[in-house]
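Reading through the structure tokens given below for one structure.
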Amino acid sequence: MRISEIRVFRVELPVGEGAYSWSNDNSVAVFDSTVAEIATEAGVKGVGEICPLGAAYLPAFAEGARTAIAELAPGLIGLDPCNLGTINAAMDSRLRGHPFAKSPLDIACWDILGKTAGLPVCTLLGGRQGEAVELYRAISQDSPEAMAGSVARYRSEGYRRFQLKVGGDPDTDINRIRQCAAVLHRGDVLIADANTGWTRHGAARVAGAVADLDVYIEQPCADYDACLSIRRRTRHPFVLDESIDSLAAAARAIADDAMDVVNVKISKIGGLTKARMVRDLCASSAIAMTIEDTWGGDIATTAIAHLAHSTDPRMRFSCTDFNSYVTRDIARGAAKRVGGSMAAPEAPGLGVEPLYEVLGEPVAVYR
Ligand code: MG
């Protein structure tokens, strides 16, 4: 089987709450998502999606994804999409770095591999484990009162895990954590995600001021060594996210005992092929994971569901249903939230069918 054509679509995903806000005054009202569709001479097609969290979260941005795909796509024409190792080697030899832009192409090839094998992607990634995967809800940064209200509202919808967007003024963040903790019930999980927004001393103050609470601390500082310093000074369970962007970074952090949980974002690592390596390394090192991505719609969410559903449930901390944060459907058959969990589709491949009437005309075609 050979790749004959790659089509690229741009689609806007409005945020249901109006906007999503996090550290360093970042906020997005309408996400700019890119869908890549790979067609083969045999007629089998696959899709993938990349939606960066704005332009200042990771070294990734939406227009950059499409520009990098223009560099990558011609090198994939004629290759066998089922040979994922060859596909990734071809992308890495043609463009250094830019894992986020390689991710939708890699995911689309997994979709084709699954359709060709007649198996859902989660089976190919290790096998479906359990009935469903538990979700967390990210709580957009706002006043402590508003965030506590959001936690209560999403709790009533079925979520039991809440990731607070902190990383602002430490005193306000202490109030955010305390007020949100006060509305939780026994067994709920609270994570304070600073998204690199704190200084070392600010992070140390917040961790100390909430020492009596059952709360995870996530990515307090931008610098890995600063995070490690805070990790060594606090008894809170500790999560790394932005710092872990490769297999090598994960291996180093495991060796350093730098985290208890890691957030495996598919596009941050470069696609399902590489995210699976990080997933398997972490699972075999007793590091639990949140399986997710930077953002996305139905296709990115479904890729998350397949990787999460094939992960050892004991190592599965949570995952994310971005398609219930946005107001626009872009595919039929996608993984959808039911209460506080979701399941990978059972159809071959990703199990999604793009809604071309929503995606519109492709912004680029390579053949
Ligand atoms: Mg995070």
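Some points to look at:
- When LEU13, LEU95 are checked against the criterion of being surrounded by 14 or more Cβ atoms within 10 Å (Cβ to Cβ) and under 19 Å from ILE269 (Cα atoms), a single residue qualifies: LEU95.
- Reported count of residues in region 190-211, each being surrounded by fewer than 21 Cβ atoms within 10 Å (Cβ to Cβ) and in a helix (DSSP H, G or I), is 7.
- Applying a threshold of 8 Å to beta carbon distances and a minimum spacing of six or more residues, or different chains, the list of pairs starting in region 214-227 at a residue that is modelled with pLDDT of 95 or more and ending at one that is among the acidic types (Asp, Glu) and within 12 Å of the ligand (Cβ to nearest atom) reads GLU218/ASP193; GLU218/ASP241; GLN219/ASP193; GLN219/ASP241; GLN219/GLU242; ALA222/GLU242.
- Exactly one residue out of VAL189, VAL133, VAL166 is farther than 24 Å from VAL28 by Cβ and within 16 Å of the ligand (Cβ to nearest atom): that is VAL189.
- Subset of region 28-57 (residues that are out of contact with any Phe, Trp or Tyr (no Cβ under 7 Å at 6 or more places or on another chain) and farther than 17 Å from ILE107 by Cα): ALA29, VAL30, ASP32, GLU41, ALA42, GLY43, GLY54, ALA56, TYR57
- Meets criteria (assigned to a loop (DSSP other than H, G, I, E, B) and among the basic types (Lys, Arg)) for ARG186: yes
- Filtering region 124-147 to residues that are in a helix (DSSP H, G or I) and either in contact (Cβ under 8 Å) with a residue 60 or more places away in the chain or within 24 Å of the chain's Cα centre (by Cα) (or both) leaves LEU124, MET147.
- Filter result for the condition that a residue is surrounded by fewer than 19 Cβ atoms within 10 Å (Cβ to Cβ) and not in a helix (DSSP H, G or I), over PRO74, PRO59: PRO59
- Counting only strands (runs of 3 or more DSSP E) that sit wholly inside region 1-51, those with at least 3 residues that are in contact (Cβ under 8 Å) with a residue 24 or more places away in the chain and in contact with a strand residue (DSSP E or B) (Cβ under 6 Å, 6 or more places away or on another chain) are 3-14, 20-22, 30-40, 45-50.
- Among the candidates ALA250, ALA286, ALA226, residue that is touching a Cys at 6+ places or on another chain (Cβ under 9 Å) and farther than 22 Å from MET342 by Cβ: ALA250
- The listed residues are ARG328, ARG337, and the only one of them that is closer than 19 Å to LEU53 by Cβ and touching a helix residue (DSSP H, G or I) at 6+ places or on another chain (Cβ under 7 Å) turns out to be ARG328.
- Filter result for CYS82 (in a helix (DSSP H, G or I) and surrounded by 15 or more Cβ atoms within 10 Å (Cβ to Cβ)): no
- Leading residue by the ranking (nearest to LEU124 (Cα to Cα)) among those in region 303-318 that are more than 16 Å from the ligand (Cβ to nearest atom) and open to solvent by 10 Å² or more (accessible area, probe 1.4 Å): ASP312
- The condition (being within 23 Å of MET289 (Cα to Cα), open to solvent by 40 Å² or more (accessible area, probe 1.4 Å), within 25 Å of the chain's Cα centre (by Cα) and of a type in the set (Ser, Thr, Tyr)) is satisfied by just one residue among TYR224, TYR216: TYR216.
- Matching residues in region 319-342 - criterion: being outside any loop (DSSP other than H, G, I, E, B), surrounded by fewer than 22 Cβ atoms within 10 Å (Cβ to Cβ) and within 18 Å of the chain's Cα centre (by Cα): SER324, SER341
The values are calculated or read from the model by the stated rules, or taken from the named source; none is laboratory data. Source: prediction; values computed, not measured. So basically every Cβ, Gly included, is an ideal-geometry build from the backbone, and we count neighbours across all protein chains shown. Side chains included, ligands, DNA and RNA excluded: accessible areas come from the protein's heavy atoms. Shrake-Rupley method; radii C 1.70, N 1.55, O 1.52, S 1.80 Å.
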